[in-house]
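Notes follow the structure.
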Amino acid sequence: MNGPMQAAVGIICKAPRPGATKTRLAAVIGEDAAAKASACFLRDLGSCIEQIPRDLGRRGYAVYAPAGAEAELRALLPPSFGLLLQADTILGNVLHRAACELLAHSHDCVLLVNGDSPTLPPQFLREAIDRLRRPGDRMVLGPASDGGYYLIGLKTPHREVFSDIPWGTSSVTAHTLERARQTALDYELLPEWYDVDDAQTFAWLQEELGGRSNRFVGGAAASATRAWLNSHSAAHGR
């Protein structure tokens, strides 16, 4: 590989449109509010990626759908971000193809991050990159509180870790680790974090940003989400 090493950090996301994004959260707070929250999540995740020191080597991407959402996403994300359209309806295909394409663009490793974790600690991303750059092939996984994962990091786009996974269930992480073991792929785990996608995790977000969480501490400032949440709470008398 020529030039300095550069990790690709891709946010898996949809354009934040009412009725088309954050549908489970929308059932709790309404479609318009859910779309606004999603837009803030993307802003904050973009800022989180930008906090990775440049001398570590990284570039952010939106791994997005649908086609035609480019202007919306560019308005939310840092100017340095690339855009990678992945409109497949099967999440495993989206993740695998994104890993393949980003690694083919001369990145030495790739992190794919869920777009629903606005307070994700930036140090988790730095730690994932550090671990992936150790000698030997490996996977880094960030387990989410719901049994899925908020981050997967790879040096080689192993199709197996995205195959036959029961997406959207509480056993996603367990199945992914089993696929890694079956293929003799070494893996390392990051600390647990959470995705905001239903009533319970929305309450966790409120607790964390209100300084009342004992479970999730040390998260990112999430300034966009914090400002939106304050406005939303004020409008609803909370």
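The values are calculated or read from the model by the stated rules, or taken from the named source; none is laboratory data. Nothing here was measured: the structure is a model prediction, and the numbers come from that model. As a convention, Cβ positions derive from the backbone with ideal geometry for all residues, glycine included, and neighbour counts pool all protein chains shown.
Odds and ends about this structure:
- Conditions (1) under 18 Å from the mean Cα position of the chain (by Cα); (2) at pLDDT 95 or above; (3) on the phi > 0 side of the Ramachandran plot; number of the one not met by residue 168: (2)
- Filter result for the condition that a residue is surrounded by fewer than 18 Cβ atoms within 10 Å (Cβ to Cβ) and not acidic (Asp, Glu), over 16, 53: 53
- Residues that are more than 27 Å from residue 167 (Cβ to Cβ) and touching an Asp or Glu at 6+ places or on another chain (Cβ under 6 Å) within the stretch 49-106 comprise just one, 78.
- Cβ-Cβ under 6 Å pairs, at least 6 apart or on other chains, the stretch 157-184 side of a type in the set (Lys, Arg), far side part of a helix (DSSP H, G or I): 159/96; 179/160; 179/161
- The helices (runs of 4 or more DSSP H) falling completely within the stretch 115-210 that include 3 or more residues that are within 19 Å of residue 56 (Cα to Cα) map to 122-132.
- Pair list, Cβ under 9 Å, 6 or more apart: the stretch 91-108 residue β-branched (Val, Ile, Thr), other residue modelled with pLDDT of 95 or more: 94/12; 94/63; 94/65; 94/86; 94/112; 94/162
- Of all residues in the stretch 29-88, those that are charged (D, E, K, R) and without any contact (Cβ under 8 Å) to a residue 24 or more places away in the chain total 7.
- Matching residues, the stretch 75-92, being part of a helix (DSSP H, G or I) and either among the hydrophobic types (A, V, I, L, M, F, W, C) or exposed (fewer than 15 other Cβ atoms within 10 Å of the Cβ) (or both): 75, 76, 91
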